[in-house]
Amino acid sequence: MARLAERPESSSPRGTILNPNALVAQWIEHQLAELGVGGSNPLERATQIQAADPMAFMPVRIRQDSGEEAKRSVKEFALSLGFDAVGICNPRATLHIAEYGHWLDHGHAATMAYMARSRALRASPLTLLPSVRSVVVLALNYHRANDTKPGLPRIAEYALGRDYHKVLRSTLRKLARWMQERWPEAECRACVDSAPILERELAHLAGLGWFGKNTCLIDSRRGSKFFLGVLLTSIALPPDRPAIGSCGTCSKCIDACPTGAIVHADGFWQLDARRCISYLTIEHRGAIDPALREGIGDWTFGCDVCQDVCPFNHPRPSQPSRATETTEPDFSQDRNWPALKELCNLPYQKWDELTCGSAVRRAGFDGLRRNAAINLQNATSDK
Ligand code: B12
Ligand code: SF4
Ligand code: SF4
């Protein structure tokens, strides 16, 4: 869908004002041409625009006079909470819902049935908070060194520290509380991972990064090893511009993926979760297809290969903020993971203690032991 352009405005000595008749009519005609929507009834056509862009009929004066100052203070406070980047976008209808549908229809969601069940909800953030006027998207760096010693489990970087859901949610709540103190009428909803929204699309619109071929959101200055958090709010804040960037002719992640999970279908790069080590070791329940076990190698939980090979995750003199380590104390914690041999036969009580407060818990008791057994088998067959 085409992006909605700004509405025509006129100026007066008291600030920017909107002529509610001629200019709106002219603007509607312009938008209809852009969107290609039909129908002769003006109200019906305006409703279609409103559905495409809930900000469409917000008075220009509200957006311009108080918006920039409010946006500056929200961003400043979010950064003071420790977030590495913050951007704002409009809660418009999901632009890539068709691509999302293709991904589901090709079976690329594997057994993640919740991804299909929430298809309709993912069509717009309005389904989660009907009063939403702005989407504040936040990024938090999780990169840290990950030298796994032989015989020990190999955990993806994002899961080495404290469970990111807990860390991001509590920080987003602080931001929501601060907004509600400032604007008592503000309604807010914090989303981290599990809410039915396409976080990467919102983050792209809010200027935080662009889609790499490995499907990760990449910030040209920072790389891709950051979490996303989303705060939906009823406060109207002026949106940022979408991020611009591209992989160019690079194909390192596609070549390096041990199981060939990055595929090109329907004109865009998609991740076929059925083959992805991250999915297999975290989300998949039950036995793993023997044909895929070798590719899992020594990954016990998650996989970082397609990010580790990405040039955007490596430092360059001209990009000093790339691949800097996280400063979030909760992500720098270490756990004493037992050796793979012990992990294979871990008693439930031990698993419960070991994974408490860790994202690794997501694999489940059987899943973690299954993964360790595959790692051991791969280590033995390597010799
Ligand atoms: C399901 C899920 C998974 C699944 C499927 C991953 C996938 N690529 O779809 C599995 C379990 C495999 C997984 C793995 C990982 N995940 Co995950 N995952 C999610 C979750 C819950 C939903 C993602 C989703 O909707 N997938 C469906 C696909 C179709 O959506 P999409 O990838 O966003 O694709 C869009 C684009 O391709 C776009 N599009 C298509 N063509 C074009 C063209 C252009 C020009 C543009 C602009 C857009 C565009 O349209 C699609 C639909 O919007 C999100 C949280 C959330 N609620 O969004 C986290 C999330 C994506 N995961 C995250 C992370 C950290 C990981 C791992 C790195 C963990 C690990 N180390 O093991 C890996 C990375 C694997 C990878 N290469 O993506 C982060 C990603 C942060 C980032 N910088 O990108 C998220 C955002 C969680 C978070 N809150 O931080 N994940
Ligand atoms: S996370 Fe691993 S298995 Fe999944 S696409 Fe990336 S490299 Fe391939
Ligand atoms: S490795 Fe290359 S192709 Fe893959 S995401 Fe990074 S830049 Fe893009």
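The values are calculated or read from the model by the stated rules, or taken from the named source; none is laboratory data. Predicted model only: the values in this text are computed from it and were never measured. Heads up, the Cβs are rebuilt from the backbone with ideal geometry, glycines too, and the neighbour counts pull from every protein chain shown.
For the condition more than 16 Å from ligand 3 (Cβ to nearest atom), farther than 19 Å from Arg241 by Cα and either assigned by TED's automatic domain parsing to the domain that holds Arg362 or in contact (Cβ under 8 Å) with a residue 24 or more places away in the chain (or both), Ala195 qualifies.
Which of the residues belonging to region 238-260 are polar (S, T, N, Q) and either surrounded by fewer than 17 Cβ atoms within 10 Å (Cβ to Cβ) or modelled with pLDDT under 95 (or both)? Those that are polar (S, T, N, Q) and either surrounded by fewer than 17 Cβ atoms within 10 Å (Cβ to Cβ) or modelled with pLDDT under 95 (or both): Ser246, Thr249, Ser251. Condition first: near ligand 1 (Cβ under 10 Å from one of its atoms) and basic (Lys, Arg). Can you find one or more residues in region 252-262 that meet it? Within region 252-262 (the criterion being near ligand 1 (Cβ under 10 Å from one of its atoms) and basic (Lys, Arg)), the answer is no, since none of the residues qualifies. Selection of first residues in region 349-362 that are assigned by TED's automatic domain parsing to the domain that holds Asp334 and farther than 18 Å from Phe331 by Cβ and of second residues that are surrounded by 12 or more Cβ atoms within 10 Å (Cβ to Cβ) and at pLDDT 95 or above, restricted to Cβ pairs under 6 Å at least 6 apart or on distinct chains, gives the following pairs, ordered by first then second residue: Trp351/Phe365. Kindly check whether there is at least one residue in region 177-191 that is farther than 24 Å from Arg117 by Cα, surrounded by fewer than 21 Cβ atoms within 10 Å (Cβ to Cβ), touching a residue at least 24 places away in the same chain (Cβ under 8 Å) and in contact with a Lys or Arg (Cβ under 9 Å, 6 or more places away or on another chain). Looking through region 177-191, none of the residues is farther than 24 Å from Arg117 by Cα, surrounded by fewer than 21 Cβ atoms within 10 Å (Cβ to Cβ), touching a residue at least 24 places away in the same chain (Cβ under 8 Å) and in contact with a Lys or Arg (Cβ under 9 Å, 6 or more places away or on another chain). Do we find a residue being of a type in the set (D, E, K, R), over 18 Å from Leu237 (Cα atoms) and in contact (Cβ under 8 Å) with a residue 24 or more places away in the chain anywhere in region 81-89? Yes. Can you name the residue in region 263-296 that is more than 21 Å from the chain's Cα centre (by Cα) and among the β-branched types (Val, Ile, Thr) and, of all such residues, is farthest from ligand 1 (Cβ to nearest atom)? The selected residue is Ile288.
Would you mind stating whether Gln307 is within 26 Å of Pro150 (Cβ to Cβ) and modelled with pLDDT under 95? No. Being away from ligand 2 (no atom under 11 Å from the Cβ), in contact (Cβ under 8 Å) with a residue 24 or more places away in the chain and assigned to a loop (DSSP other than H, G, I, E, B) is the filter here, so list the residues in region 254-285 that pass it. Answer for region 254-285, where residues must be away from ligand 2 (no atom under 11 Å from the Cβ), in contact (Cβ under 8 Å) with a residue 24 or more places away in the chain and assigned to a loop (DSSP other than H, G, I, E, B): Asp266, Glu283, His284, Arg285. Exactly one residue out of Leu232, Leu217 is modelled with pLDDT of 95 or more, closer than 26 Å to Ala70 by Cα and touching a strand residue (DSSP E or B) at 6+ places or on another chain (Cβ under 9 Å): that is Leu232.
Within region 218-253, can you find the residues that are more than 10 Å from ligand 3 (Cβ to nearest atom) and assigned to a strand (DSSP E or B)? Of everything in region 218-253, those that are more than 10 Å from ligand 3 (Cβ to nearest atom) and assigned to a strand (DSSP E or B) turn out to be Asp219, Phe226, Phe227, Leu228, Gly229, Val230, Leu231, Leu232, Thr233.
Could we say that Cys303 is closer than 22 Å to Trp337 by Cα, within 23 Å of the chain's Cα centre (by Cα) and either more than 13 Å from ligand 3 (Cβ to nearest atom) or not assigned by TED's automatic domain parsing to the domain that holds Tyr100 (or both) here? In short, yes. Looking only at region 286-308, count how many residues are outside any helix (DSSP H, G or I), exposed (fewer than 14 other Cβ atoms within 10 Å of the Cβ) and aliphatic (A, V, I, L, M). Residues that pass the stated criteria total 1.
Results for (1) among the charged types (D, E, K, R); (2) in contact with a Lys or Arg (Cβ under 8 Å, 6 or more places away or on another chain); (3) touching a residue at least 40 places away in the same chain (Cβ under 8 Å); (4) more than 7 Å from ligand 1 (Cβ to nearest atom), shown as yes or no for each residue.
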| site | (1), (2), (3), (4) |
| --- | --- |
| Leu140 | no, no, yes, yes |
| Ala156 | no, no, yes, no |
| Arg162 | yes, no, yes, yes |
| Val167 | no, no, yes, yes |
| Arg200 | yes, no, no, no |
| Arg221 | yes, yes, yes, yes |
| Phe226 | no, no, yes, no |
| Gly229 | no, yes, yes, no |
| Ser234 | no, yes, yes, yes |
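Pro184 - would you say it is away from ligand 2 (no atom under 16 Å from the Cβ), closer than 19 Å to Pro91 by Cα and not aromatic (Phe, Trp, Tyr)? No; evaluated as a whole, the condition is false for this residue. With the structure loaded, tell me whether Pro329 is without any contact (Cβ under 8 Å) to a residue 40 or more places away in the chain and over 29 Å from Thr259 (Cα atoms) or whether it fails that test. Against the criterion (without any contact (Cβ under 8 Å) to a residue 40 or more places away in the chain and over 29 Å from Thr259 (Cα atoms)), Pro329 qualifies.
Taking the criterion of being among the hydrophobic types (A, V, I, L, M, F, W, C), within 10 Å of ligand 1 (Cβ to nearest atom) and without any contact (Cβ under 8 Å) to a residue 40 or more places away in the chain, the residues of region 101-130 that qualify are Leu104, Met115. Where helices (runs of 4 or more DSSP H) fall wholly inside region 94-206, the ranges with 3 or more residues that are within 14 Å of the chain's Cα centre (by Cα) are 164-182, 199-205.
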